[in-house]
Amino acid sequence: MESPSREDTSSTEPPTEQPPSAQPAATGHLPPEEFNRWYGGWDPLTPTTIAEFLDGFDRPWWIIGGWSIEVFTGVPRDHEDMDISILSSDAEAFRVFLGDRWTPWNVDEGWFRPFDSRFTDVRPDSQIWVRRDASSPWILDVPFTPATGGRWTNKRHRAHTEDLADVTWVAPDGLRYAKPEVTLMFKAAQTREKDRRDAEIALPMLEDHARDWLRRTVALLDAHHSWLRDL
């Protein structure tokens, strides 16, 4: 009969408690009413106010999302927020630009963390939400675009990089926007009604070179996507 090992203390010592993770696992998205209850609502900037807000920020930025579709189609649509993008390599410059005037939070897979001098590390495909302070509404959503040697990088397919000038354009209002084919590529999953509506309106308006770009890029993401038959 073997004697008990002196090293076997697992049954008598309590487990060591650890602090919660600074980066919790993805939790999914809250419905709008629950989001507002926990985090507060939105009073977003618009294309008429965004340039003044970013005056003095000397890195590239461009409008993405729904506004980039509306400026291309000319068809008004509802907007829940204002989305711009910057290269992830410019995240720290953006934080410094905001200074103490605004309160940015890093949003990553459904969790929030202050983006300040305590927490300067952010993933290159996460995003920043901006508001004045804890009692103020959010005004700006800034999804990062991963940067590869200063080039625009497709966050859905990191091997795909392009010059920023080739995936954006300057609209008649003087602001730089994501090209419509680029925005549609990010909406290709078609899981939201607003994304289906954007595609319904914008796809027929694309020029041949834009259709070709969208066809090739969507094929990288889903070789069986229904758009590949129609583009």
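Read the figures in this text as sums done on the coordinates, not as results from a lab. For clarity, every value in this text was computed on a predicted model and none was experimentally measured. All Cβ positions, even for glycine, are placed from backbone atoms using ideal geometry, and neighbour counts span all protein chains on display.
Here's how it looks for residue 147: its modeled amide H is under 5 Å from those of 88, 89, which are all 5 or more places away or on a different chain. Result for the chain in a Gaussian network model with C-alpha springs under 10 Å: among 112, 144, 53, the largest mean-square fluctuation is at 53.
Could you work out how far the C-alpha centroid of the stretch 186-209 sits from that of the stretch 135-171, in angstrom? When both Cα centres are located, 19 Å separates them. Rounded to the nearest 20 debye, the dipole magnitude of the stretch 180-231 is 160 debye, with +1 charges on Lys and Arg beta carbons, -1 on Asp and Glu beta carbons, and the Cα centre as origin. Rounded to the nearest 20 debye, the dipole size of the stretch 96-231 about its Cα centre is 220 debye, using +1 on the Cβ of Lys and Arg and -1 on the Cβ of Asp and Glu. Against the compact-protein benchmark of 2.2 N^0.38 Å, the Cα-based radius of gyration of the stretch 180-231 scales to 1.00. Each residue of the stretch 224-231 was assigned a 3J(HN,Hα) from its phi angle through the Karplus curve 6.51 cos²θ - 1.76 cosθ + 1.60 (θ = phi - 60°); the sequence is 10, 5, 5, 5, 5, 7, 10, 6 Hz, with glycine and proline shown as x. Helix 208-221 axis versus longest C-alpha principal axis of the chain: approximately 20°, rounded to the nearest ten.
Computed per residue of the chain from DSSP H runs no shorter than four, each worth -39500 (n - 2.57), the mean residue ellipticity at 222 nm is -7500 deg cm²/dmol. The Rg/Rh ratio for the chain is 1.10, where Rg is the radius of gyration of the alpha carbons and Rh is the Kirkwood radius. The angle between the Cα long axis of helix 193-202 and the longest principal axis of the Cα atoms of the chain comes to about 30 degrees, rounded to the nearest 10. Taken about its Cα centre, the chain carries a charge dipole of about 440 debye when Lys and Arg each add +1 at the Cβ and Asp and Glu each add -1 at the Cβ.
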